[in-house]
């Protein structure tokens, strides 16, 4: 991707500005590992009963950190919610099972503790990009009881891990057959009470469009309310940068997801 480095530099710059400008509580531990931390960002005004939004970064499970995506909190706090930007350990140092369990612990921390920061855990939404979209699905795939996730925005997501075994990623993270079976969202059931917004950049490569379409079909088959949309003139990285760009299609979708409107 020709503009990858420029977009990443812009994201890092924006994130630094966000951390300097928006009230926050940094590096709160949700577990015992060094990577098991979250950053909270707060909207202006009184903090009581506020909606809460978790964001899970991408990077093919092997790169980036929550600090690179602080800028997403601009959009979240403008929508009147507390932003929870999540960090997790990276492959290949850990395996997929560890990361999924970390995200579940982060969610549980939010449910149990966010009220003391002025948040309402019953108004919890999530979003994720790329591998982060994949990981986000494991926060609303409980079938025995409600997941507690009101709505999810999945941007440029990976929902079937099998093709990655023959991709450039295989020498780097070595997705196993067991991981394909256990951690492909297409093979799981999901909470029918969670509304899901599936987004993909119009200029993404065909596999991302195929995965988005297949996952939308499967979720609808399971009874979930699903929206699937393309973001005009956006690729894999420009689409996620847009989550913090006022007036962009991704910005508008995220803002509406956090608010009362769902479609």
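Residue check: is residue 42 modelled with pLDDT of 95 or more, over 28 Å from residue 171 (Cα atoms) and crowded, with 18+ Cβ neighbours inside 10 Å?
Values: modelled with pLDDT of 95 or more: yes; over 28 Å from residue 171 (Cα atoms): yes; crowded, with 18+ Cβ neighbours inside 10 Å: yes.
It is true that residue 42 is modelled with pLDDT of 95 or more, over 28 Å from residue 171 (Cα atoms) and crowded, with 18+ Cβ neighbours inside 10 Å.
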| Applying the selection to the stretch 45-61, what residues are out of contact with any helix residue (DSSP H, G or I) (no Cβ under 8 Å at 6 or more places or on another chain) and either surrounded by 22 or more Cβ atoms within 10 Å (Cβ to Cβ) or on the phi < 0 side of the Ramachandran plot (or both)? | 46, 48, 50
| note | Checked against (1) buried (at least 16 other Cβ atoms within 10 Å of the Cβ); (2) out of contact with any strand residue (DSSP E or B) (no Cβ under 7 Å at 6 or more places or on another chain); (3) more than 21 Å from residue 78 (Cβ to Cβ), residue 165 satisfies every condition except (1)
| said: For the stretch 25-36, check the following and say yes or no: at least one residue is crowded, with 16+ Cβ neighbours inside 10 Å and under 20 Å from residue 154 (Cβ atoms). | reply: no
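Yes or no, residue by residue, for (1) without any contact (Cβ under 8 Å) to a residue 24 or more places away in the chain; (2) under 14 Å from residue 204 (Cα atoms):
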| site | (1), (2) |
| --- | --- |
| 229 | no, yes |
| 236 | no, yes |
| 247 | yes, no |
| 252 | yes, no |
| 255 | no, no |
| message | Condition (residue is buried (at least 17 other Cβ atoms within 10 Å of the Cβ) and at pLDDT below 95) applied to the stretch 96-114: is it met by at least one residue? | response | no
| Can you tell me which residues in the stretch 35-70 are in contact (Cβ under 8 Å) with a residue 40 or more places away in the chain and more than 23 Å from residue 149 (Cβ to Cβ)? | 46, 60, 62, 67, 68
| task | Output the residues belonging to the stretch 170-210 that are part of a helix (DSSP H, G or I) and closer than 17 Å to residue 59 by Cα. | result | 170, 171, 172, 173, 183, 207, 208
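The values are calculated or read from the model by the stated rules, or taken from the named source; none is laboratory data. What you see is a predicted model; the values in this text were computed from it and never measured. Note that each Cβ is placed from the backbone with ideal geometry, even for glycine, and that neighbours are counted across all protein chains shown.
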